[in-house]
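Below is one structure; the comments refer to it alone.
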Amino acid sequence: MDLNSIRRAYKRYAGMYDVVFGAPMNPGRKLAVATANRKPKQRVLEVGVGTGLALPLYRRDITVVGIDVSKEMLDRAREKVEEKGLRNVEALLEMDAENLTFPDQSFDTVIAMYVASVVPHPERLMAEMRRVCKPEGDIIIVNHFTSDGGPLRAVEFLINPLSKTLGWRPEFDLKPLIRSAGIEVRSIRPAHPMGMFKVIHCRNAPARAGAGAVGAETYGEIDTGELRTAEARRSRR
C-alpha cells in the first residue's frame, strides 16, 4: 500500500462510497461514535473521515475535526456538513494520517474507522493517534481484521494480492497492531455483519496487566470472546 494507490482507489470510490460501504459498515460507525458520545463537550479527531457518514452521529456538544487523504471524499463530507447544518464540525482537512500536523495532546478522543488496514504503515498511524490524543484520552479503532478461519479467511487470502486496487488490506492482523502501539485496550467488541469488523476501545496510556487491559504483554493470552464476556459483565453492573 502507498499513498498514491490509496488516493486513486478512493477517488474511484467517492461517488459510490455511501451506497456501497454505507449500510454494511454502519454498525461499526454507530458503536464507535456511541462510545465517544459517553463524554460531553469533547474535541474529537476523526481520522479517515471519508464522505462524512459518521459526522451526524456525534452529539452536538462535541466538536469534531475530520481529516482524510482523499480530496474527493472530503468534498462529499463538506456537502453533508452543509446540508445537515452540522455546526459542531470544526474543520475537514486534507491530511496524511501518518503525518498529522496537529500539536501534541490536541484532542480528547481520536477515532479511526476503517483506516488501519488502508494506511501504508499502521504503526505510524497508531503513534500519531497517541501523540495528538491527550493522556488518558480515548482512542477508538474500527476495522476488519484477519479471520481465524472458515470461508471468510479463504476469501481474504485470495483477494489479498489486490490490495492496491482495493485500497485496503484484506489480510490484517490485530495482534501486531496492538503490540506496536503498546496501548491499554479497554474492550474489543464485534460489529456486524457477521462480526467481520471489530471496535477497539483504547485508553491513551501504556499497556498494563489487569483491569481488563490488553497490551503487548497480555494480548496473546486473552481472546476477543473473553473480552466480550468481560465487557458484558461490566455493562450489567
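The values are calculated or read from the model by the stated rules, or taken from the named source; none is laboratory data. Every value quoted in this text rests on a predicted model; they were computed, and no experiment measured them. In this analysis, Cβ positions are derived from the backbone assuming ideal geometry, glycine residues included, and neighbour counts consider all displayed protein chains.
Working only within the stretch 74-86, note down all residues that are touching a helix residue (DSSP H, G or I) at 6+ places or on another chain (Cβ under 9 Å) and either among the hydroxyl-bearing types (Ser, Thr, Tyr) or without any contact (Cβ under 8 Å) to a residue 40 or more places away in the chain (or both). It would help to see each step written out before you state the result.
Of the residues in the stretch 74-86, the ones touching a helix residue (DSSP H, G or I) at 6+ places or on another chain (Cβ under 9 Å) are 76-77, 80-81, 84, 86.
Within the stretch 74-86, ALA77, LYS80, VAL81, LYS84, LEU86 meet the criteria.
Filtering the stretch 47-72 down to residues that are in a loop (DSSP other than H, G, I, E, B) and among the polar types (S, T, N, Q), which residue is farthest from the chain's Cα centre (by Cα)? Let's see the steps before the verdict.
Initially, the stretch 47-72 is screened for residues in a loop (DSSP other than H, G, I, E, B), giving 48-54, 58-62, 69-70.
After this cut, where a residue has to be among the polar types (S, T, N, Q) as well, the list is 51, 70.
Numbers: THR51: 14, SER70: 16 Å.
Across the stretch 47-72, the extreme among qualifying residues is SER70.
When the residues of the stretch 87-110 are filtered to those that are farther than 14 Å from LEU74 by Cβ and in contact with a helix residue (DSSP H, G or I) (Cβ under 6 Å, 6 or more places away or on another chain), which remaining residue is surrounded by the fewest Cβ atoms within 10 Å (Cβ to Cβ)?
ASP104
So which residues in the stretch 48-76 are of a type in the set (S, T, N, Q) and crowded, with 24+ Cβ neighbours inside 10 Å, if there are any at all? So that I can check it myself, show each step before the final result.
Going residue by residue through the stretch 48-76, those that are of a type in the set (S, T, N, Q) are 51, 63, 70.
Hits for the stretch 48-76 are THR51, SER70.
What are the residues in the stretch 81-114 that are of a type in the set (A, V, I, L, M) and in a strand (DSSP E or B), if any?
Pass one, the stretch 81-114, residues of a type in the set (A, V, I, L, M): 81, 86, 89, 91-93, 95, 97, 100, 110-113.
The answer is VAL89, ALA91, LEU92, LEU93, VAL110, ILE111, ALA112, MET113.
Which one of VAL89, VAL33, VAL20, VAL65 is at pLDDT below 95 and of a type in the set (Val, Ile, Thr)?
On the way: VAL89 fails: at pLDDT below 95; VAL33 fails: at pLDDT below 95; VAL65 fails: at pLDDT below 95.
Exactly one of VAL89, VAL33, VAL20, VAL65 is at pLDDT below 95 and of a type in the set (Val, Ile, Thr), namely VAL20.
Quick one: how many residues across the stretch 2-46 are surrounded by fewer than 19 Cβ atoms within 10 Å (Cβ to Cβ), polar (S, T, N, Q) and either assigned to a loop (DSSP other than H, G, I, E, B) or over 18 Å from the mean Cα position of the chain (by Cα) (or both)?
Total satisfying the criteria: 3.
Of all residues being in a strand (DSSP E or B) and modelled with pLDDT of 95 or more in the stretch 115-156, which is nearest to the chain's Cα centre (by Cα)? Just the residue, please.
Kept after step one, since they are in a strand (DSSP E or B), are these residues of the stretch 115-156: 133-144.
Adding the requirement that they be modelled with pLDDT of 95 or more leaves 133-140.
On the way: CYS133: 14, LYS134: 17, PRO135: 19, GLU136: 18, GLY137: 15, ASP138: 12, ILE139: 9, ILE140: 6 Å.
Residue satisfying both the conditions and the ranking: ILE140.
Quick one: is ARG60 among the basic types (Lys, Arg), touching a residue at least 24 places away in the same chain (Cβ under 8 Å) and touching an Asp or Glu at 6+ places or on another chain (Cβ under 8 Å)?
Details: among the basic types (Lys, Arg): yes; touching a residue at least 24 places away in the same chain (Cβ under 8 Å): yes; touching an Asp or Glu at 6+ places or on another chain (Cβ under 8 Å): no.
Spelling it out, it is not the case that ARG60 is among the basic types (Lys, Arg), touching a residue at least 24 places away in the same chain (Cβ under 8 Å) and touching an Asp or Glu at 6+ places or on another chain (Cβ under 8 Å).
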